[in-house]
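Everything below concerns the one structure shown next.
The values are calculated or read from the model by the stated rules, or taken from the named source; none is laboratory data. Since this is a predicted model, take the numbers as computed values, not measurements. For neighbour counting, all protein chains shown are included, and Cβ atoms are generated from backbone atoms with ideal geometry for every residue, glycine included.
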Amino acid sequence: MLNFKKSARKTLNTINQSFPVVFGVVMAISLLIAAVPEYLYSRIFTGNILIDPLVGSFIGSVAAGNPITSYVIGGELLNEGVSLVAVTAFLLSWVTVGILNLPAEMDLLGKKFALTRNIICFIVAFFVAILTVTTLGFIGEI
Amino acid sequence: MRNYYFVGIMIAIYLMVYFTFPSLFYEAVLQTYLILLSVIPILALVFVFIFLFDLFVKPDKIGTYLGQEAGARGWIFSIVAGILSAGPIYVWYPLLSDLKEKGMRTSFMSTFLYNRSIKLPLLPIMIHYFGVTYTLILTLYMIIASVVVGYITEIIVDDTSGSRHT
């Protein structure tokens, strides 16, 4: 038998538990977006083909906002001579790793899960970037 | 009360910013308002999902489709649902938390979250900046990587909790 009252109470309880956490994440992301102008991202890259992918992964992990912003920044980075591997690592970690989301993810899905998942995504971003660019080179696209 | 710690810290930081960099404070508040405007409808939808799941979907069904016995069906469901789900990643945490309680596999949660990074409506913009071939190859590798990330997350998370699954 359907129990509307029980389901409604449980949903309200979930709202009460998760909304403050989500609101905190929105506040953190907003502050970062307001504090870091987009042009600053390109200044952090070194030009070193080995270090830049790691820099890309790191910046993408810390940065936040709409993925479109990462495409625009990624396009600019390519124009400025940053390697495609570094830009790809940056794009990937922007959408797969979320340092600012971490408090919410830890709170709602468990500390161990959140930390493990984000660390794995950080490492995987690096390898997927290399694999993507290697494949593009193999099929003669770059 | 624990749920309010993070937002409490953020309010304290905002207060400090207000007294040190007022223009940054106003810009951040405006940004918060704009993000909330776009997030709240999706969050409301997520809460409706939670209500409906609780009402109609019993834990044994979650076990069948997203639990240990789900098999390939669970992987496909996690990948497709992740790709199709809209909005920022954090609005889906409450639903996943609920499904986890009902028996959703750790690997499927991780795979779902990874596939959240594939945004179908944004693919044309990505193609515009990086080309069709690059976008297709990257998207394909991301889907494959989502399964790898799911497996590794489960092996590490469930193993350390003493309930490793295969």
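Annotations for the structure displayed:
- Restricting attention to region B:7-37, the residues that are within 20 Å of the chain's Cα centre (by Cα) and surrounded by 14 or more Cβ atoms within 10 Å (Cβ to Cβ) total 4.
- Residues in region B:46-88 that are under 27 Å from A:S61 (Cα atoms) and at pLDDT below 90 were compared, and the one that is surrounded by the most Cβ atoms within 10 Å (Cβ to Cβ) is B:V46.
- Answer residue from region B:93-147, given it is of a type in the set (V, I, T) and more than 9 Å from chain A (Cβ to nearest Cβ) and is farthest from A:V26 (Cα to Cα) among those: B:V132
- Counted as qualifying within region B:60-166 are the helices (runs of 4 or more DSSP H) with 1 or more residues that are within 22 Å of A:T116 (Cα to Cα) and among the hydrophobic types (A, V, I, L, M, F, W, C), namely B:72-84, B:93-101, B:106-115, B:132-160.
- Only listed residue being touching a Phe, Trp or Tyr at 6+ places or on another chain (Cβ under 6 Å), part of a helix (DSSP H, G or I) and either more than 7 Å from chain A (Cβ to nearest Cβ) or in contact (Cβ under 8 Å) with a residue 24 or more places away in the chain (or both), chosen from B:F47, B:F19, B:F25, B:F53: B:F25
- Number of residues in region A:110-126 that are assigned to a helix (DSSP H, G or I), surrounded by fewer than 22 Cβ atoms within 10 Å (Cβ to Cβ) and without any contact (Cβ under 8 Å) to a residue 40 or more places away in the chain equals 6.
- Matching residues, region A:28-46, being loosely packed, with under 15 Cβ neighbours inside 10 Å and among the aliphatic types (A, V, I, L, M): A:A35, A:L40, A:I44
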